[in-house]
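Student: If you scroll down you'll find the structure; I have some questions about it.
The values are calculated or read from the model by the stated rules, or taken from the named source; none is laboratory data. Note that the structure is a prediction, hence the values are computed from the model and not measured. All Cβ positions, glycine included, derive from the backbone under ideal geometry; neighbour counts span all protein chains shown.
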Amino acid sequence: MDFSRTDWIKTGINLGISLVILVLVALMPVYGWQYGVSLFTYFLLYIILAVSWTIFSGTTGYISLATAAFYGVGIYAAAIYGKEYPLIVVVLIGAFASFVVAFFVGAITLRLKGIYFAMFTFGLVLLLKEVIYFWEIDISHIRGRFVVLQSNETIFYYLLGILVVTMIVAYLIKRSKYGLALQSIGENEEAAAHMGINVTMVKILSYAVSAIFMGAAGVVMATKLTYVDPGVAFNPLMSFNPVLMAIFGGLGHFYGPAIGAVLFSYIQEVLTTGDLKDYYMLIFGTILVATILFLPAGLIGLIQNIWRRISGAKRAPA
Amino acid sequence: MEDLLRMVLGGLLIGGIYSLVSMGLTLQYGVARVLNIAHGEFLMFGAFITFWLQQNHVNPLLTVVIVAPLMFIVGFIVYRTLFTTIRLKSPNPGVFESNALLAAFGLYFIVQNIAVRIWGTTPRSFAYLSGSVSIGGALFNENRLVAAAFAIGIGIIFYLFLARTRTGKAIRAASQDATTAGLMGVNINYTLALCFGFGAAMAGVAGALISVCYPINTVMGLGYTVIAIVVVTLGGLGSIPGSFIGGFILGVIGTAVTFWEPGLAVASYYVIFIILLLVRPKGIMGK
């Protein structure tokens, strides 16, 4: 990695702010703010999912709708191994299982062009769901499983830990030559291949790496559920939420997906608990359509545009 | 032997409806470049409008005359407002496809939620032409035969429309290369919206036919969308005859798998989809 062009002051300020936020969030359970802990559990979860989704899909433009599949693999890892091993081991098992699944899926499908890939990954969620249903009903005769529960604080700190790892890995990938390779794939895959980038390898590896965090988050969140069956574990909405959050926040900036995740999971929390519960999907759909139509660069893009107007800086030629 | 006959004929009958749904999607995806996840929701709406009209004593087969134009108008307007805007804002076709896919997902959530608000999630059904006919010893309901005949008839009429008329020619030109067709004097925004509208109309008609034969509910749409996507891939993107034939093939395969193990029917569609994407992504009729 090349550190010679790093702007140390800017990096320091960024890092400092991140650390302060991290410490404040980490201290939350200590002050015993229960609602805050459960609210932030979802913030952390969706930040992990949105950021890890962006590692691969945000840069390459291949829209993966398989987040729910890897998340569900994590949930099932917790359901199967949760009783025998301590949580930290199960998290590693879930992460590894997701990595392996994503690696194979990537190896099969990443030769496909954009939209086929999106369809295939969405199909994967439904396929896993159907096959596990079939397996449980007809072959193993175990309908649904119970998961060892963990306290809210344990879940919170585990997610926080995974989040920190996710952010560091995402940052390092963005800074490394793999990040550049991913970006050039996103801009023009053929040109990238001609420049000597092993396009298939880079795509498969980064896809599999991004699945690690989804699987790990699935394991931790499974300990919040008492009962697991394929319908619970492989919920397609878990595939769309991260995509929407990342685009809503803005793919162009490192913190965009994270900001989108926090705002959106807050909106979700307000909508699903309030009087508008029945219209949640309707509002969700409307925001999705409106975001695509009016905020293609996300909130961050909007803010950057406004800031440019105010500060009067020259706009880059489009 | 009787089982085999029942399996194949039953598959061909449901295949007629699959063909109709898939021809609709191949117009929307193959020509208008929108992978319309909400396709099945148009179908569901068609089914429920038929159900509602039937409750008000309208002959279910006559409702096709109402459902088709209604869905066409809805589809046309959706394309002209939503997808045309996205298309004009997108820097290249790849970006348009992924943004349109996400917008279609949004549309799917909106339409389904509206339907669930209106009709709830309980399955509905009504009886129409439910006597049975014997073909070579196997029994089939009259309504399924009528529905399949309707589907095949509409398929053939639409194929002739594409092959013989000026508008059909414009649609075929747009399916090959929309930008170039636009340069050749085809009013491209209008033509693409037309395709999207025809697609929605076919989904609506298919829904009307489904409601005649099977119980319907408000969350059935996605299942048919998935089937249509598999058939469109099978038949070749943008190929109307391909989707027509593909529908029957998938109908037979689906019925055979259901006959053997009902839990694996949906899984078998994905297996076909995966094999196709790996072996022949252009489909059987693709160029």
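Student: Tell me, yes or no, whether segment B:41-63 has at least one residue that is in contact with a strand residue (DSSP E or B) (Cβ under 9 Å, 6 or more places away or on another chain) and among the aliphatic types (A, V, I, L, M).
Tutor: Checking segment B:41-63: at least one residue is in contact with a strand residue (DSSP E or B) (Cβ under 9 Å, 6 or more places away or on another chain) and among the aliphatic types (A, V, I, L, M).
Student: From the set of residues in segment A:93-126 that are more than 8 Å from chain B (Cβ to nearest Cβ) and among the polar types (S, T, N, Q), which is surrounded by the fewest Cβ atoms within 10 Å (Cβ to Cβ)?
Tutor: A:Thr121
Student: Further question on the same structure: Out of the residues in segment A:127-147 that are among the aliphatic types (A, V, I, L, M) and farther than 16 Å from A:Gly72 by Cα, state the one that is surrounded by the most Cβ atoms within 10 Å (Cβ to Cβ).
Tutor: Of segment A:127-147, the ones among the aliphatic types (A, V, I, L, M) are A:127-128, A:131-132, A:137, A:139, A:142, A:147.
Then keep just the ones that are farther than 16 Å from A:Gly72 by Cα; that gives A:137, A:139, A:142.
Numbers: A:Ile137: 13, A:Ile139: 9, A:Ile142: 11.
Among residues in segment A:127-147 that are among the aliphatic types (A, V, I, L, M) and farther than 16 Å from A:Gly72 by Cα, the one surrounded by the most Cβ atoms within 10 Å (Cβ to Cβ) is A:Ile137.
Student: Which ones in segment B:51-102 are among the aliphatic types (A, V, I, L, M) and more than 18 Å from B:Gly24 (Cβ to Cβ)? Steps first, answer last, please.
Tutor: Within segment B:51-102, the subset among the aliphatic types (A, V, I, L, M) is B:53, B:58, B:61-62, B:64-68, B:70-71, B:73-74, B:77-78, B:82, B:86, B:88, B:95, B:100-102.
B:Leu53, B:Val58, B:Leu61, B:Leu62, B:Ile86, B:Leu88, B:Val95, B:Leu102 - these are the residues of segment B:51-102 that are among the aliphatic types (A, V, I, L, M) and more than 18 Å from B:Gly24 (Cβ to Cβ).
Student: Kindly indicate whether any position in segment A:40-60 is outside any helix (DSSP H, G or I), of a type outside the set (D, E, K, R) and either touching a residue at least 40 places away in the same chain (Cβ under 8 Å) or surrounded by fewer than 17 Cβ atoms within 10 Å (Cβ to Cβ) (or both). Reasoning before the result, please.
Tutor: At the first step, the residues of segment A:40-60 found to be outside any helix (DSSP H, G or I) are none.
No, segment A:40-60 contains no residue that is outside any helix (DSSP H, G or I), of a type outside the set (D, E, K, R) and either touching a residue at least 40 places away in the same chain (Cβ under 8 Å) or surrounded by fewer than 17 Cβ atoms within 10 Å (Cβ to Cβ) (or both).
Student: Of everything in segment B:133-144, what is within 19 Å of B:Leu4 (Cβ to Cβ) and either in contact with a Phe, Trp or Tyr (Cβ under 7 Å, 6 or more places away or on another chain) or modelled with pLDDT of 80 or more (or both)? Give them in sequence order.
Tutor: Taking segment B:133-144 first, the residues within 19 Å of B:Leu4 (Cβ to Cβ) are B:133-140, B:144.
Hits for segment B:133-144 are B:Val133, B:Arg144.
Student: Consider only pairs whose beta carbons are under 6 Å apart and that are at least six residues apart or on different chains; among these, list those whose first residue lies in segment A:131-151 and is within 10 Å of chain B (Cβ to nearest Cβ) and on the phi < 0 side of the Ramachandran plot and whose second residue is among the aliphatic types (A, V, I, L, M) and surrounded by 14 or more Cβ atoms within 10 Å (Cβ to Cβ).
Tutor: As it stands, the answer is A:Val131/B:Ala267; A:Phe134/B:Leu264, since those pairs meet every condition given.
Student: Same structure, new question: Report whether or not B:Thr179 is assigned to a helix (DSSP H, G or I) and at pLDDT below 85.
Tutor: Details: assigned to a helix (DSSP H, G or I): yes; at pLDDT below 85: yes.
Yes, satisfied.
Student: Only one of A:Glu187, A:Glu153, A:Glu136, A:Glu130 is at pLDDT below 85 and in contact with a Pro (Cβ under 6 Å, 6 or more places away or on another chain). Can you tell me which?
Tutor: Exactly one residue qualifies, and that residue is A:Glu153.
Student: Can A:Phe213 be described as of a type in the set (Phe, Trp, Tyr), without any contact (Cβ under 8 Å) to a residue 40 or more places away in the chain and either more than 30 Å from A:Trp33 (Cα to Cα) or surrounded by 22 or more Cβ atoms within 10 Å (Cβ to Cβ) (or both)?
Tutor: Details: of a type in the set (Phe, Trp, Tyr): yes; without any contact (Cβ under 8 Å) to a residue 40 or more places away in the chain: no; either more than 30 Å from A:Trp33 (Cα to Cα) or surrounded by 22 or more Cβ atoms within 10 Å (Cβ to Cβ) (or both): yes.
Taking the combined requirement at face value, the residue does not satisfy it.
Student: Kindly evaluate A:Val202 against the criterion of being assigned to a helix (DSSP H, G or I), among the β-branched types (Val, Ile, Thr) and touching a Phe, Trp or Tyr at 6+ places or on another chain (Cβ under 9 Å). Talk me through it step by step, then tell me what you get.
Tutor: Details: assigned to a helix (DSSP H, G or I): yes; among the β-branched types (Val, Ile, Thr): yes; touching a Phe, Trp or Tyr at 6+ places or on another chain (Cβ under 9 Å): yes.
Yes.
Student: Restricting the search to segment A:216-256, which residues are part of a loop (DSSP other than H, G, I, E, B) and in contact (Cβ under 8 Å) with a residue 60 or more places away in the chain?
Tutor: The first filter runs over segment A:216-256 and keeps only residues part of a loop (DSSP other than H, G, I, E, B), leaving A:223-226, A:229, A:234-236, A:250-255.
Matches in segment A:216-256: A:Thr223, A:Lys224, A:Leu225, A:Thr226, A:Asp229, A:Phe234, A:Asn235, A:Pro236, A:Leu251, A:Phe254.
Student: Then there's this: Residues being without any contact (Cβ under 8 Å) to a residue 60 or more places away in the chain and either of a type in the set (Lys, Arg) or closer than 15 Å to B:Gly242 by Cα (or both): count how many of those fall in segment B:161-175. Walk me through it before giving the result.
Tutor: At the first step, the residues of segment B:161-175 found to be without any contact (Cβ under 8 Å) to a residue 60 or more places away in the chain are B:161, B:163-170, B:172-173.
Those left that are additionally either of a type in the set (Lys, Arg) or closer than 15 Å to B:Gly242 by Cα (or both): B:163-164, B:166, B:169, B:172.
Within segment B:161-175, residues that are without any contact (Cβ under 8 Å) to a residue 60 or more places away in the chain and either of a type in the set (Lys, Arg) or closer than 15 Å to B:Gly242 by Cα (or both) number 5.
Student: Does B:Leu264 meet the test of being touching a Gly at 6+ places or on another chain (Cβ under 6 Å) and facing chain A (nearest Cβ under 10 Å)?
Tutor: Criteria not met by B:Leu264.
Student: To continue, here is another question. Search segment A:258-280 for residues being more than 14 Å from the chain's Cα centre (by Cα) and within 21 Å of A:Ile162 (Cβ to Cβ), and hand back the single one that is nearest to the other protein chains (Cβ to nearest Cβ). Write out each step before concluding.
Tutor: So in segment A:258-280, the residues more than 14 Å from the chain's Cα centre (by Cα) come out as A:263, A:266-280.
Now drop any that are not within 21 Å of A:Ile162 (Cβ to Cβ), which leaves A:263, A:266, A:268-269.
Values: A:Leu263: 17, A:Tyr266: 19, A:Gln268: 13, A:Glu269: 18 Å.
Applying the filter and picking the extreme gives A:Gln268.
Student: Which of (1) on the phi < 0 side of the Ramachandran plot; (2) more than 13 Å from every other protein chain (Cβ to nearest Cβ); (3) out of contact with any strand residue (DSSP E or B) (no Cβ under 6 Å at 6 or more places or on another chain) does B:Ile216 not meet, given it meets every other one?
Tutor: (3)
Student: Taking the criterion of being within 11 Å of another protein chain (Cβ to nearest Cβ), at pLDDT 85 or above and buried (at least 17 other Cβ atoms within 10 Å of the Cβ), would at least one residue in segment A:250-257 satisfy it? Spell out the reasoning first.
Tutor: First pass over segment A:250-257, keeping only residues within 11 Å of another protein chain (Cβ to nearest Cβ): none.
No, segment A:250-257 contains no residue that is within 11 Å of another protein chain (Cβ to nearest Cβ), at pLDDT 85 or above and buried (at least 17 other Cβ atoms within 10 Å of the Cβ).
Student: Sticking with this structure for a sec: Taking the conditions exactly as written (among the hydrophobic types (A, V, I, L, M, F, W, C) and more than 14 Å from chain A (Cβ to nearest Cβ)), does B:Val257 satisfy them or not?
Tutor: Numbers: among the hydrophobic types (A, V, I, L, M, F, W, C): yes; more than 14 Å from chain A (Cβ to nearest Cβ): no.
Taking the combined requirement at face value, the residue does not satisfy it.
Student: Can you tell me which residue in segment A:281-316 is farthest from the other protein chains (Cβ to nearest Cβ), limited to those that are of a type outside the set (D, E, K, R) and not in a helix (DSSP H, G or I)? Walk me through it before giving the result.
Tutor: Initially, segment A:281-316 is screened for residues of a type outside the set (D, E, K, R), giving A:281-307, A:310-313, A:316.
If we keep only those that are not in a helix (DSSP H, G or I) as well, we get A:295-297, A:312-313, A:316.
Details: A:Leu295: 11, A:Pro296: 7, A:Ala297: 11, A:Gly312: 26, A:Ala313: 23, A:Ala316: 15 Å.
Looking at residues that are of a type outside the set (D, E, K, R) and not in a helix (DSSP H, G or I), I get A:Gly312.
Student: So, one more: Of all residues in segment A:151-186, how many are surrounded by fewer than 18 Cβ atoms within 10 Å (Cβ to Cβ), more than 20 Å from A:Gly61 (Cα to Cα) and over 16 Å from the mean Cα position of the chain (by Cα)?
Tutor: Here the count works out to 5.
Student: Do we have any residue at all in segment A:60-78 that's away from chain B (no Cβ under 13 Å), within 30 Å of B:Ile275 (Cα to Cα) and either of a type in the set (Lys, Arg) or touching a strand residue (DSSP E or B) at 6+ places or on another chain (Cβ under 8 Å) (or both)?
Tutor: Yes, segment A:60-78 has at least one match.
Student: Hey, any hits in segment B:189-208 for a residue that's under 18 Å from B:Arg80 (Cβ atoms), surrounded by fewer than 19 Cβ atoms within 10 Å (Cβ to Cβ) and touching a residue at least 12 places away in the same chain (Cβ under 8 Å)?
Tutor: yes
Student: Taking the condition buried (at least 17 other Cβ atoms within 10 Å of the Cβ), touching a Leu at 6+ places or on another chain (Cβ under 8 Å) and under 28 Å from B:Ile245 (Cα atoms), does B:Ala103 pass? Working first, answer last.
Tutor: Details: buried (at least 17 other Cβ atoms within 10 Å of the Cβ): yes; touching a Leu at 6+ places or on another chain (Cβ under 8 Å): yes; under 28 Å from B:Ile245 (Cα atoms): no.
Criteria not met by B:Ala103.
Student: Only one of (1) out of contact with any helix residue (DSSP H, G or I) (no Cβ under 6 Å at 6 or more places or on another chain); (2) more than 10 Å from every other protein chain (Cβ to nearest Cβ); (3) more than 13 Å from B:Gly106 (Cα to Cα) is not met by A:Asn241, so which one is it?
Tutor: (3)
Student: Are any residues in segment B:197-233 of a type in the set (A, V, I, L, M), part of a helix (DSSP H, G or I) and farther than 22 Å from B:Leu160 by Cα, and if so, which ones?
Tutor: In the first step, residues of segment B:197-233 are kept if they are of a type in the set (A, V, I, L, M); the result is B:200-203, B:205-206, B:208-210, B:212, B:216, B:219-220, B:222, B:226-232.
Remaining after also requiring part of a helix (DSSP H, G or I): B:200-203, B:205-206, B:208-210, B:212, B:222, B:226-232.
Residues satisfying the conditions are B:Ala208, B:Ile210, B:Val212, B:Leu222, B:Val226, B:Ile227, B:Ile229, B:Val230.
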